[in-house]
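The values are calculated or read from the model by the stated rules, or taken from the named source; none is laboratory data. These numbers were taken from a predicted model, which means no experiment stands behind them. Note: ideal-geometry Cβ built from the backbone for every residue, glycine included; neighbour counts use all protein chains shown.
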Amino acid sequence: MLRTVTVTRYITPLREGGSLPAIVEADDEFMYVLKFKGAGQGTKALIAELLGGEIARALGMRVPEIVFANLDEGFGRMERDEEIQDLLKFSVGLNLGLHYLSGAISYDPTVNKVESSMASLIVWMDCFLMNVDRTAKNTNMLYWHKQLWMIDHGASLYFHHGSGDWQEKAKQPFTLIKDHVLLKQAAHLDEADKKAQSLLTSEKIKEIVSWIPDTWLADDISKDEQRARYSQYFATRLANAAIFITEANHAREALI
């Protein structure tokens with residue numbers, strides 16, 4: 001289960017993010033990048049961040065510690081920026097924080113290289129999650145202490161923002177993989193699939209999904225039913241991984 005902290009100090013906004021995440025300090029005296037439930041995509045972006053980040057961790061990737069971050073009522077009343085003040089007001093309660101990797105630098109595809117087997121696993125994961133946000137323009141990978149770290153999975157699982165049959169969407173290829181920053185290096189997707197299938201057991205998926213807080217889920221359907229939908233979506237997507245692997249291989253062939 002994830003730790004819960006209470007935000008004690010707002011340090012600075014990260015304005016490169018459209019949802020205005022911020023660096024904050026919590027009552028454990030650590031700093032976090034805070035993702036606000038009051039931002040544009042609401043709690044569904046936090047659910048995607050939680051599920052995507054913990055699935056990456058289950059696959060053996062380095063991901064900053066994810067915590068639940070409580071924002072007390074009245075926090076930020078002295079904030080002068082009205083946009084930030086509104087964001088804080090609408091984010092009272094449980095938000096999501098990622099341990100701040102001080103001094104980390106962004107992955108640069110013109111400078112850094114990722115070994116092919118790891119690149120393949122990352123591409124596989126982003127196909128699995130339908131993550132649209134790991135491109136050359138915005139890699140969402142960091143180097144910290146000479147190691148590669150995965151961040152920012154809030155743009156994953158975009159299907160849950162719309163209506164329709166989740167199970168049908170789970171069987172779809174991920175055509176936007178053509179824009180993935182590591183696609184050229186992903187020469188071993190079949191091997192990545194075998195590894196991922198062995199690590200993402202139904203028990204592991206259900207455990208991760210069980211961490212979604214009740215307050216992030218809709219009120220019109222039971223919370224357990226909503227969690228079951230996510231678990232079933234992932235199970236269906238795993239069972240039909242050949243569909244998105246084929247799409248990724250075709251997209252890669254078009255690049256090289």
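Test of understanding: among Gly42, Gly74, Gly103, which residue is without any contact (Cβ under 8 Å) to a residue 12 or more places away in the chain, farther than 16 Å from Asp152 by Cα and of a type outside the set (A, V, I, L, M)? One residue alone meets the criteria, Gly74.
Hey, among the residues in the stretch 198-232 that are under 12 Å from Ile47 (Cβ atoms) and among the hydroxyl-bearing types (Ser, Thr, Tyr), which one's surrounded by the fewest Cβ atoms within 10 Å (Cβ to Cβ)? Taking the candidates together, the pick is Thr215.
Of the helices (runs of 4 or more DSSP H) entirely within the stretch 139-237, those holding at least 2 residues that are within 19 Å of Ser116 (Cβ to Cβ) occupy 189-199.
Residues are listed down the side, and each one gets a yes or a no for (1) basic (Lys, Arg); (2) under 22 Å from Ala192 (Cβ atoms); (3) modelled with pLDDT of 90 or more:
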| position | (1), (2), (3) |
| --- | --- |
| Phe128 | no, yes, yes |
| Asn140 | no, yes, yes |
| His145 | no, no, yes |
| Leu148 | no, yes, yes |
| Asp152 | no, yes, yes |
| Ser156 | no, yes, yes |
| Gly164 | no, no, no |
| Gln167 | no, no, no |
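Taking the criterion of being touching a His at 6+ places or on another chain (Cβ under 7 Å) and among the aliphatic types (A, V, I, L, M), the residues of the stretch 110-150 that qualify are Val123, Leu129.
Pick from Glu83, Glu49, Glu29, Glu115: which is of a type outside the set (A, V, I, L, M) and modelled with pLDDT under 95?
Numbers: Glu49 fails: modelled with pLDDT under 95; Glu29 fails: modelled with pLDDT under 95; Glu115 fails: modelled with pLDDT under 95.
Going through Glu83, Glu49, Glu29, Glu115 in turn, the sole match is Glu83.
Residues are listed down the side, and each one gets a yes or a no for (1) within 13 Å of Met125 (Cβ to Cβ); (2) out of contact with any Leu (no Cβ under 6 Å at 6 or more places or on another chain):
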position	(1), (2)
His161	no, yes
Gln172	no, yes
Ala187	no, yes
Leu199	yes, no
Asp214	no, yes
Glu225	no, yes
Arg252	no, no
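Among the residues of the stretch 202-241, the one identified as farther than 23 Å from Leu2 by Cβ, in contact (Cβ under 8 Å) with a residue 24 or more places away in the chain and small (Gly, Ala, Ser) is Ala241. For the stretch 100-107, check the following and say yes or no: at least one residue is over 19 Å from the mean Cα position of the chain (by Cα), at pLDDT 95 or above and under 30 Å from Ala187 (Cα atoms). Looking through the stretch 100-107, none of the residues is over 19 Å from the mean Cα position of the chain (by Cα), at pLDDT 95 or above and under 30 Å from Ala187 (Cα atoms).
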